[in-house]
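Shown next, in structure tokens, is the structure this report addresses.
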Amino acid sequence: MKHLLRPPKFSLVKSRRTASSIDEIPQLLLSPLQDPFISLLDVRKIHAKLQLYGLQAHNALCNKISTLYIAFDEIDDARRVLDTMPNPCSFLFNVLIRAYSKTDSHAESLRLYLVMISSRGISPDKYTFPFALNSCAGLCDLRIGKLIHQHSICAGCRGDMFVNAALVDMYAKCGEVESARLVFDKMPVRDLVSWTSMVSGYAHNGYNGETMEFFNLMRESGLCPNRVGLLSGLLACGNLGALRKGEWFHGHATKTGFISDVLVVTALMDMYTKCGDIDSARKLFDEAEGKKDIICWSAMIASYGSHGDVKGALSLFNEMVRLGMRPNDVTFTCILSACSHSGLLEEGRMYFEMMKEFGIKPRLNNYACMVDLLGRSGQLTEAQRFIEEMPMGPDVGVWGSLLGACRIHGDLDMAEKIADRVFELDPFQGGYHVLLSNIYAAKSRWKEVEEIRKRMIQRGANKIQGFSLFEFTGLVYRFGAGDRSIPRSDEIYTKLEELGVSMKRLGHVPATDFVLHDIEEEAKEEALLFHSEKLAIAFGLISTRPGTTIRVTKNLRICGDCHNAAKLISKIEDRTIIVRDMHRFHRFEHGECSCRDYW
């Protein structure tokens, strides 16, 4: 439709027929619109004739002109046709709502939907709802989405597969996973689209275990994952540290041909990286050859950075530039993060300035990385000045980075000032309250620790419970501090007590300043010994063969005592222990950590 392949057979200027009456004009105008090779210019001419003869009430003619405008991507012209019609039918509204939705003009799509049902009084139908709901999903507009859900029920579409699939997708993308599941469970017929929407909804809302369970249900129903399902599964595997399951997805991608998709390759790289297998991530990157885009390059640079291999990150960046691949702000975020994890302050400054050479205006994430780098390097005053001179307003994450740096360097005075800024922006984020509490606890300021606890209760600030994950025989086990309900509990606690004795022989002194309670020293040591990451490591030691790498995922930052203990356990047991916390990877081997105690 985009190009005129041959001249149209009809000419408005020199028609072979002459209208004998005004009633014949619509048919004369409709006839050339059926020509598959009609040009946009001729559509405009016919539209002009329609206006000239006052035929805006002729629905068939207006509908055809509008659909042709949409075929030529002239949606605004199609909308003008609709707006001049005195009594349009639902067909044209549906066509335009769909066109707006397909072109991501979601706000306009919903505005037109509301015009349809209110100003024009036209009832929506099963062809209207899927695309209107898609726009709700695109805007995360749960309020209108629920309204459309009610309309669909009133219109008798409760059992329509396409409407229900759109409802599942809308609720999932708006974060209402339970509502999505309710709709899904009531569907009489479920196709691959509805299953995939549910899997994707679980994965992108952080329900990683549920993603895996639902994925298994989908396979049991005889359906194979499509591209979206595959990407969602890989996301969940990475978040869970489920390497074995991730390897199954890799095999499926190879078998189905999705491995040729650079986005799938990048997702596989991310999964392997999060599971601690950076060698497999690099192998996939190298095999991608000419398919690699800037996202793929940036992902590999980020992988090296999160594993503490700053040399690998910088080398890959230089290779990328040499090959003519232009970095973007995300690439520089990865580089600056790598410098921050390794304490390379001057190199970080250099790469931040290099953004100007590529004509890239630093974004908030780039500034946040520089604040983190300055803070970790002990330049707390400079970091604060850097924030205050930012061209855009800093968000809570930027101030939070500096608060974290205050904890690292034990600067209580600055921490109290920065905490005020943080709580102004987000008084309900429990993590920052806990961070300040950590700083007070390290100074044995127990009165202030208790005040923060009370303040959290008053504000309704939620403290994120720490947990650690370990995958074994295809299942992911979850451990919480001091949890006695875990599988093989007695063996795990016995193993940790034995390790505690061995570590003390090597000179280990428990870092009790990481315990946030004013209790006896002996009780503090016992509390530290049974932290979630230690429980997961002990479970791995008693469940796997000697020499097997132990891979643990922690949802929060690994505490200092667990970090010291993991180094000693790797030496005592002669094991490689890989712990991924919320910031980076720690690879413990022979009593040393890849982070070189800088994290």
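Would you mind stating whether Phe588 is out of contact with any Leu (no Cβ under 7 Å at 6 or more places or on another chain) and either among the small types (Gly, Ala, Ser) or over 25 Å from Ala236 (Cβ atoms) (or both)?
Yes: the conditions hold for Phe588.
Look through the stretch 416-468, keep the residues that are among the small types (Gly, Ala, Ser) and open to solvent by 50 Å² or more (accessible area, probe 1.4 Å), and return whichever of them is farthest from the chain's Cα centre (by Cα). Steps first, answer last, please.
Looking only at the stretch 416-468, we keep the residues that are among the small types (Gly, Ala, Ser), and these are 419, 430-431, 437, 441-442, 444, 460-461, 466, 468.
Next cut, open to solvent by 50 Å² or more (accessible area, probe 1.4 Å) only: 442, 444.
Values: Ala442: 34, Ser444: 39 Å.
The extreme case among them is Ser444.
Can you tell me how many residues in the stretch 148-178 are farther than 14 Å from Ser109 by Cβ and either among the aliphatic types (A, V, I, L, M) or within 22 Å of the chain's Cα centre (by Cα) (or both)?
Of the residues in that region, 16 qualify.
Among the listed residues Asp286, Asp293, Asp277, identify the single one that is buried (at least 18 other Cβ atoms within 10 Å of the Cβ), acidic (Asp, Glu) and at pLDDT below 95.
Of Asp286, Asp293, Asp277, the one residue that is buried (at least 18 other Cβ atoms within 10 Å of the Cβ), acidic (Asp, Glu) and at pLDDT below 95 is Asp277.
With respect to the numbered conditions (1) open to solvent by 40 Å² or more (accessible area, probe 1.4 Å); (2) in a helix (DSSP H, G or I), which one is the sole condition not fulfilled by Ile46?
Only one criterion is unmet by Ile46, namely (1).
The rows are residues; the columns are (1) of a type in the set (Gly, Ala, Ser); (2) part of a helix (DSSP H, G or I); (3) within 20 Å of Ser502 (Cα to Cα).
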site	(1), (2), (3)
Lys534	no, yes, yes
Gly540	yes, yes, yes
Pro546	no, no, yes
Thr553	no, no, no
Ala566	yes, yes, yes
Lys571	no, yes, yes
Arg596	no, no, no
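Would you check if there is a residue in the stretch 174-185 being farther than 30 Å from Cys296 by Cα, open to solvent by less than 10 Å² (accessible area, probe 1.4 Å) and in contact with a Cys (Cβ under 7 Å, 6 or more places away or on another chain)?
No, the stretch 174-185 contains no residue that is farther than 30 Å from Cys296 by Cα, open to solvent by less than 10 Å² (accessible area, probe 1.4 Å) and in contact with a Cys (Cβ under 7 Å, 6 or more places away or on another chain).
What residue, among those in the stretch 446-472 that are touching a residue at least 24 places away in the same chain (Cβ under 8 Å) and assigned to a loop (DSSP other than H, G, I, E, B), is nearest to Thr549 (Cα to Cα)?
Phe467
With a cut-off of at least 2 residues that are polar (S, T, N, Q), name the helices (runs of 4 or more DSSP H) lying wholly within the stretch 55-122.
So the answer is 59-71, 90-102.
Regarding Leu29, is this residue part of a helix (DSSP H, G or I), open to solvent by less than 40 Å² (accessible area, probe 1.4 Å), in contact with a helix residue (DSSP H, G or I) (Cβ under 6 Å, 6 or more places away or on another chain) and at pLDDT 90 or above?
Spelling it out, it is not the case that Leu29 is part of a helix (DSSP H, G or I), open to solvent by less than 40 Å² (accessible area, probe 1.4 Å), in contact with a helix residue (DSSP H, G or I) (Cβ under 6 Å, 6 or more places away or on another chain) and at pLDDT 90 or above.
Results for (1) without any contact (Cβ under 8 Å) to a residue 24 or more places away in the chain; (2) open to solvent by less than 40 Å² (accessible area, probe 1.4 Å), shown as yes or no for each residue.
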{"residue": "Ile38", "(1), (2)": "no, yes"}
{"residue": "Pro86", "(1), (2)": "no, no"}
{"residue": "Glu108", "(1), (2)": "yes, no"}
{"residue": "Tyr113", "(1), (2)": "no, yes"}
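Just the residues that are of a type in the set (Lys, Arg) and either touching a residue at least 40 places away in the same chain (Cβ under 8 Å) or in a helix (DSSP H, G or I) (or both), please, taken from the stretch 124-150.
Arg143, Lys146, listed by residue number.
The values are calculated or read from the model by the stated rules, or taken from the named source; none is laboratory data. Only a predicted model underlies this, so the values are computations on that prediction, with no experimental measurement involved. Every residue, glycine as well, gets a Cβ built from its backbone with ideal geometry; the counts of neighbours run over all protein chains shown. Areas reflect the complete protein model, heavy atoms only, side chains present, ligands, DNA and RNA absent. Shrake-Rupley method; radii C 1.70, N 1.55, O 1.52, S 1.80 Å.
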